[in-house]
Every structure is written in structure tokens, then in C-alpha cells.
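Worksheet: the structure to be examined is printed underneath.
The values are calculated or read from the model by the stated rules, or taken from the named source; none is laboratory data. What you are looking at is a predicted structure, and each value in this text was computed from that prediction instead of being measured. Note: ideal-geometry Cβ built from the backbone for every residue, glycine included; neighbour counts use all protein chains shown.
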Amino acid sequence: MWSMLTKEMMEKEMRRVEKSSFKNSWAIKEMTPSELLGRPLNDVERKYAPKVVYVSGRIRIPLPGPRVAVIGTRNPSHEGIYAAAAITRKLVERGVIVVSGLARGIDTIAHKTAINAGGKTIAVLGTPLNKFYPAENRPLQELIMKEHMAISQYPIGHKTKPKDFVFRNRTMALISDASIIVEAGKTSGVVSQGWETLRLGRPLFLWKLLLNKNLDWPEKMIKYGAIILNDLDELNYVIDDLFPSIEGVISIGEVEAP
Amino acid sequence: MRAIKNDLPIRTSRFGELFASELIAKFLKADPWEIFFADYFGEDNILVPVPRSSPIRKEALWPSFRIAWAMEQQKMGKVKVVIERVIPVAKSSLAPPDQRPTPTNHYESMAVTSKLNISPQTKIILVDDIITRGHTFMGAAWCLKRAFPEAEIKAFAAMRTVSNEAEFKGLIDPVRGQITYRHEFDDCLRRP
């Protein structure tokens, strides 16, 4: 994401962000990722997990599931916009919480579509919760912090650096049961989230658009287990496979749900 | 199933909260299952984790390795990474039935990457998280048999699919059985 901006553009944008005032009435809770997810993390998860996260919103903690990240480029094509909205609507219809990074483009579409479809959404920010980046998403972030959930690993007062967004992507992979990359470019920030999703052993899906862009990373990710999604029927099938209802099983065995 | 695939914690009344891999190993060493599997596992056995459907990067989560590792901690054998996936194959759970990898596909997409000191007494136990028909086990067993023809090869999966609802007796229902390769269809029959 950041590699697309010149240093000058980035500094200008960050100055604009710094100027934004913050309503101090937000109830921000500090907790460990383990408390957020309601379970201990295994060693693979702990490797890049932040020590604490800051959370604001109405979604209960520990987080309910399933949760799927819908992410992509800041500059989507017409097809990318359409696909992101359709994927998100399908996830909401199936009771999945939509996770994204509140960036411009695909992330914004995912959050807005989830809200408009009556679903729940979680924004994982690369800035502290009192910053609004991009500034135009301030109303959306405020709505999410009030009615849904925003999560940041950065305390208020933290000065944002470009690498914070890479760490944010890893955190987003950690709190998502699966990730879907809708559309992205050569150096898009979502690439780091894709690799982290695979490292965590979680399903990573690439929307078919990514195959037509002469990119080398989707091919590499497919080699390591990423799966191409060709249509919404496949998405339905995937949701059935990933998140089957287990209520019947719990009552029979002695194992309780994690 | 997701708890096993992601090695997430599971709470049980008997063992408290443990990661799935640890819980599986503890169950196998606890009454009555230790007796049920008494002749199956042993400290001198070699536990070979079955590769995932795609090559994996170092440090990535590998459920069958974690289960094998937890079994080693319970003195059920020694873990050796012997087979690796070199070419990705479709994930069985997500592929339509006619596109699921066959035992031959598995065999051709895996490679034996380490040597083992094998004696006639050596038992190799392939370890996997989930078994459906046994195609992955069969392909992996062929790889091992070619590299170590004198070794006895068995397989263990932490969870099995049950297609007939009437056969489902509960989440904890260990069984022993056979996987038979059918040459004419290039597939396997698992019983039970």
C-alpha cells in the first residue's frame, strides 16, 4: 500500500491524519490477543502476535466467529469492486463476520457492504484508534468503533510508520479464520497478509481476477496452498467446509468447543 | 475439525484445556485407548508426518507434524520428517469428487527427502490429522516403501470422516482398520 505513495504524499497524508481530533468518549479496552480470541495462542500464532491490542466496539469479546478477512487493493477495478461487494454479501448472508483493514478501495467496500447488508464487521487498523487513515474514512471508522469493532495494536500517541501496516496485516490474519484477497497489485500490502495466513495454516483464497494480472506472487501462493475462488458458488462450498455446524457433535462427545 | 487443522485449544473434562495435538497424544496414552493401541505405538517406532496438500514454508503450521511431535512427547515414537510435498495437489475437502487427488497423484507429488536407519524391526507410522478415503496415506506409504522396502509401514490419523450418519458413535471413537488400494479405479477403500 505504502510503496505506491511518494514520501511527500505520505507525509502530507499523515499531517492530515495528525490534525484530526478524536472524541475522547470512545471506550477503548486494552487486552491480549489471547483474551480477544478467548483462547491461548499456539507457538506459530504467538510468533508475530502483538503483546496487546486496543479494541473499541460492540461485538462481544471473546470474538464470535466465523471471521473472514476480505482485503485488496486501494485502487480496485470495476470488477474488483463488484467482486468485493458480492463476496462480502455472501459472507454476511452465511453469518460470517467480515474483517478488513479500513484502507481505501476493497477494504472500504468490504466494511460498507457488510454494514449495509446487516452483517457485522471488524476493522483492524494500522494506526492507533484515535487516528483516521485515510481521513475520508473517519465517519466509517467512527461507525465501526461504535456499532461494530475496531482493533489496533498501537497505543494512542504512537507515531505511525509504514511498517506498522505490515504488522497490522499479520494481526488481521491472526484474528481471521480465513482470508480472501479480491484484487491486488505487484507490491500491495495484502501480499504480507496472504503469506501470514498461509504461515498460520489458515485457508487463503484468491479471487480469480488475480490470475489475469501478470503477477508472480499469486502463483507462488498457490504453490504453497492458496486456493483460487472462481465464483460465489465455490465460496458457498468453502463456507460449508470451513465452518460446519458442530452443535450436534458437542452434545455427544466429551469435548467442548474451543 | 478446525481445532485439529489449526492446532487450537480444546477443553475436555478429563484433561482440561490442551492444544489439539497434545490432547490427541494424551488420549492415546490414557485408559482405555493405550491398551487398544498397545501393539501399535512404541518408543522405537518412527513417526513420519504426512505432508500437507501443498509444499510448506519453514515455520508454517503443519498439523500432522504437531500431532507426531506431541506423540513423541508421550513416548509413542520418534518424529522424522522423511517425506515432503514437492508439487501441490488439490485439497480433497475442497475439490469436487472427480478432481480429488488419487493415490498415484499423491505418490507423484511427494518426495523422500531424508534417509532413515532401518532394521527389520523398524516400524514406520505415518501420522496425519484427518483421513477420508486414505489416498494420501497410500501415496505416502508407496514413497516410503520404495525408499525403505524392508520397513513395516502403518498409518495413524487423528480424525476420520464418517459418511453414514448411523455409524457415528461420538467424537471419541478410535478404530483400527485397513485401507485397500483398488488398482482399476486408482482409489482406496477404507474400512471402517
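For the structure I just gave you, tell me whether residue A:89 is modelled with pLDDT of 95 or more, surrounded by 21 or more Cβ atoms within 10 Å (Cβ to Cβ) and among the basic types (Lys, Arg). So residue A:89 fails the test.
Has the range B:92-99 got at least one residue that is free of Cβ contacts under 8 Å to residues at least 40 places away in the same chain, on the phi < 0 side of the Ramachandran plot and hydrophobic (A, V, I, L, M, F, W, C)? Spell out the reasoning first.
Taking the range B:92-99 and keeping what is free of Cβ contacts under 8 Å to residues at least 40 places away in the same chain, we get B:93-99.
Right, trim to on the phi < 0 side of the Ramachandran plot and you get B:93-99.
When the remaining residues are screened for being hydrophobic (A, V, I, L, M, F, W, C), the result is B:94-95.
So far as the range B:92-99 goes, yes, one or more of its residues are free of Cβ contacts under 8 Å to residues at least 40 places away in the same chain, on the phi < 0 side of the Ramachandran plot and hydrophobic (A, V, I, L, M, F, W, C).
Condition check for residue B:4 on (1) without any contact (Cβ under 8 Å) to a residue 40 or more places away in the chain; (2) more than 7 Å from every other protein chain (Cβ to nearest Cβ); (3) closer than 19 Å to residue A:41 by Cα: one failure, at (1).
Within the range B:39-53, identify whether any single residue is at pLDDT 95 or above, within 16 Å of the chain's Cα centre (by Cα), in a helix (DSSP H, G or I) and more than 14 Å from every other protein chain (Cβ to nearest Cβ), and answer yes or no. No - not one qualifying residue is present in the range B:39-53.
Which residues, taken from the range A:138-174, are within 14 Å of another protein chain (Cβ to nearest Cβ) and either surrounded by 22 or more Cβ atoms within 10 Å (Cβ to Cβ) or in a strand (DSSP E or B) (or both)? Reasoning before the result, please.
First, pick out the residues of the range A:138-174 that are within 14 Å of another protein chain (Cβ to nearest Cβ): A:170, A:173-174.
Passing the criteria: A:173, A:174.
Out of the residues in the range A:241-256 meeting the condition of being within 10 Å of chain B (Cβ to nearest Cβ) and within 24 Å of the chain's Cα centre (by Cα), tell me which one is modelled with the lowest pLDDT. By that ranking, first place goes to A:244. Of the listed requirements (1) touching a strand residue (DSSP E or B) at 6+ places or on another chain (Cβ under 8 Å); (2) surrounded by 15 or more Cβ atoms within 10 Å (Cβ to Cβ), residue B:175 misses just one: (2). The single residue among A:154, A:54 that is in contact with an Asp or Glu (Cβ under 6 Å, 6 or more places away or on another chain) and within 16 Å of residue A:29 (Cα to Cα) turns out to be A:54.
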